[in-house]
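Let me begin by presenting the structure, written as structure tokens, before commenting on it.
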Amino acid sequence: AGNLLLTLPGLLDAVRDNVATDIPSRRISELAAVGQDANLNQLEREVLNPQNGYVTPEPNSAAGYILHPNFEAIRELSERIFGAATVEAP
């Protein structure tokens, strides 16, 4: 996690260009600080790929590699990692 400050500008650019979120921008530095202090040996990592059923590739896409999320499988993964949601998602 020590390299985070060096790679943060590129990481933020990649996130801004590829991730939609409702997290207020004023909280991003707070989240980065949590990541900076995280014990990486205790992190649980999951790859959301077709092999584990979290996404399905679009077989006939002319626009590149498009993945359709399996929201139910992702929701179950999230509940396993973070615990059950207290607020129902829209």
*Any chance you could count how many residues in the stretch 7-44 are at pLDDT below 85 and basic (Lys, Arg)?*
1
*asked:* Being surrounded by 10 or more Cβ atoms within 10 Å (Cβ to Cβ), at pLDDT below 75 and not assigned by TED's automatic domain parsing to the domain that holds residue 69 is the requirement here; does residue 4 meet it?
replied: yes
*Does residue 49 qualify as being surrounded by fewer than 12 Cβ atoms within 10 Å (Cβ to Cβ) and either touching a residue at least 40 places away in the same chain (Cβ under 8 Å) or within 15 Å of the chain's Cα centre (by Cα) (or both)?*
yes
*Is it fair to say residue 35 is in the same structural domain as residue 79 (by TED's automatic domain parsing) and touching a helix residue (DSSP H, G or I) at 6+ places or on another chain (Cβ under 7 Å)?*
no
*Which of (1) assigned to a helix (DSSP H, G or I); (2) of a type in the set (D, E, K, R); (3) surrounded by fewer than 10 Cβ atoms within 10 Å (Cβ to Cβ) does residue 30 not meet, given it meets every other one?*
(3)
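The values are calculated or read from the model by the stated rules, or taken from the named source; none is laboratory data. Just so it is clear, the model here is predicted, and its values are computed rather than measured. A quick note on method: Cβ atoms are made from the backbone with ideal geometry, for glycine too, and the neighbour counts reach across all protein chains shown.
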